[in-house]
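Notes for the one structure printed next.
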Amino acid sequence: MSNKSLILGTTTLALAASASVALADVNQPQEIIMRPQTTPASQITVGGDLGIGFDPTTMGLGLLGSYGVSEKLEVGAGYGFTLKDFEAKGDLSLEGAFNIMEGNLAVAAQAQTGYNLLAEGIDPLQAGARVRFRLNDKMAIISPGNQLYVTLDP
């Protein structure tokens, strides 16, 4: 029997809001804090980000998707653009993540780059680790990845 579930999660950090929605066969825990760091094999995760800057008129919208190539490897793409002076040109990003370990301490290596259609330039290469340390079943310390940026700008 296949269970279907609508999963909605929100996070607020430093004046930025993020919401994700996914509808999929459930073969992982319903609690977000207990899920693996990468999308499980043959599953698709779809989500969106709403970023609010220090100036309330500066807002951006991002659409995201990832696919689980295997139980440890995921690939994804995203597209983001600003809502102020709305223009369809934005930032196209590509990313990959590899799950290194799971448990109370979970780690996945991540790399991301892309192309900015508005600035007509390649985005910096970003690398880092998604790290989650569960303090208990309701609370965790999380680092989202992309801690290192490498750019070729002169």
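The values are calculated or read from the model by the stated rules, or taken from the named source; none is laboratory data. Treat the numbers as computed from the prediction; the structure is a model and nothing was measured. Cβ coordinates were reconstructed from backbone atoms using ideal geometry, including for glycine residues, and neighbour counts include every protein chain displayed. The accessibility values were calculated without ligands, DNA or RNA, using every heavy atom of the protein model including side chains. Shrake-Rupley method; radii C 1.70, N 1.55, O 1.52, S 1.80 Å.
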Region 95-122 scanned against label point 7 Å out from L63 along Cα→C-beta; backbone N under 16 Å for 117
Which value in nm describes the separation of the simple spin-label points at D137 and A41, placed 7 Å from the Cα toward the beta carbon? 2.9 nm
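When the accessible area of region 103-154 is split by element with a 1.4 Å probe, what percent falls to carbon and sulfur?
Working: 2280 of 3500 Å².
Carbon and sulfur: 65 percent of the exposed surface of region 103-154.
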Can you send over the solvent-accessible area of T58, 1.4 Å probe, protein chains only, in Å² to the nearest 10? 70 Å²
Suppose each label sits 7 Å from its Cα in the direction of the beta carbon; what would the I32-E71 distance come out to in nanometres? 2.6 nm
Mean projection area, nm², convex hull over Cα of region 114-154: 4.1 nm²
At what distance in nm do the modelled label points of A127 and L94 sit from each other, each positioned 7 Å from its Cα along Cα→Cβ? 1.7 nm
Give the accessible area for E71 in Å² (nearest 10); use a 1.4 Å probe, count only protein heavy atoms, and leave out ligands, DNA and RNA. 120 Å²
Output ordering of 129-135, 141-147 (per-residue mean of other Cβ within 10 Å, highest first) is 129-135, 141-147
Projected onto their principal axes, the Cα atoms of region 85-154 stretch, largest extent first, over whole-Å spans of 44, 28, 18
